[in-house]
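The values are calculated or read from the model by the stated rules, or taken from the named source; none is laboratory data. The structure presented is a predicted model; accordingly, all values stated were derived computationally and were not measured. For neighbour counting, all protein chains shown are included, and Cβ atoms are generated from backbone atoms with ideal geometry for every residue, glycine included.
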Amino acid sequence: MRILPEPAPAPADAATRRRLDRLYRDTHPALIRFLTSRLANVEDAYEVANETFVRLMRDPGGRAERLTAAMVFTIAGNIAIDILRQRSRRGEAHLSDLPSGHDFPADAPSPEAACAARLELDQALAWLEDLPPKCRHAFVRHRVWSAEYGEIAAEMRLTESMIRKYVLRAQRHCAQAAAELAA
């Protein structure tokens, strides 16, 4: 089942392809589990996961450079919700047939709310881009991927103490940037 008929993706540059390939390998098993729980169908879950990465390959805005696993799950979740709504409109499924493990919003957010959320996400990504690469990597691995300090330290060949300092530095940086924005 093809979700939306769209033209073939434009070729991405080599760095973007490598980034997306790594992100695909890192997130694919968890993404399939997440989508299967939403769609109650493993084949649809694979299709939505693939569609997610096709859209990212085609992204003209260059967001793939700063893409996180959380964003991949958000995009895939939105595609899954669109499919469930299409099925509901076509009478293929009823809201009572939807998987009960997740609550689906009754309404899509307003365009203003969606725009505001996107601006907040872009701002948070910009704050992370201000951090040194090692600090950013440690923070994302710990906060987004829920990796333990010891695991990150072994991966980065640093001490656990240094990883804790990096994460704390990133948290302070983001809190300070948020406070400045609110002021």
Quiz item: Restricting the first residue to segment 72-84 and requiring it to be touching a residue at least 60 places away in the same chain (Cβ under 8 Å) and assigned to a helix (DSSP H, G or I), which pairs with a second residue that is surrounded by 19 or more Cβ atoms within 10 Å (Cβ to Cβ) and not β-branched (Val, Ile, Thr) meet a Cβ separation below 7 Å and a spacing of at least six or different chains?
Solution: ILE79/GLU51; ILE83/LEU39; ILE83/ASP44
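For a quick check of your reading: which helices (runs of 4 or more DSSP H) sit entirely within segment 115-183 and have at least 1 residues that are of a type in the set (Asp, Glu) and without any contact (Cβ under 8 Å) to a residue 60 or more places away in the chain?
Values: elements: 133-143, 149-156, 160-182.
So the answer is 149-156, 160-182.
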Practice problem: May I ask you to verify whether PRO60 is farther than 30 Å from LEU128 by Cα and at pLDDT below 70? | Solution: no
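Just to be sure, is TYR166 buried (at least 16 other Cβ atoms within 10 Å of the Cβ), in contact with an Asp or Glu (Cβ under 9 Å, 6 or more places away or on another chain) and of a type in the set (Ser, Thr, Tyr)? Give the derivation first.
Values: buried (at least 16 other Cβ atoms within 10 Å of the Cβ): yes; in contact with an Asp or Glu (Cβ under 9 Å, 6 or more places away or on another chain): no; of a type in the set (Ser, Thr, Tyr): yes.
Taking the combined requirement at face value, the residue does not satisfy it.
Out of segment 1-39, which residues are over 13 Å from VAL72 (Cα atoms) and either surrounded by 16 or more Cβ atoms within 10 Å (Cβ to Cβ) or modelled with pLDDT of 85 or more (or both)?
Within segment 1-39, ILE3, ALA12, THR16, ARG33, THR36, ARG38, LEU39 meet the criteria.
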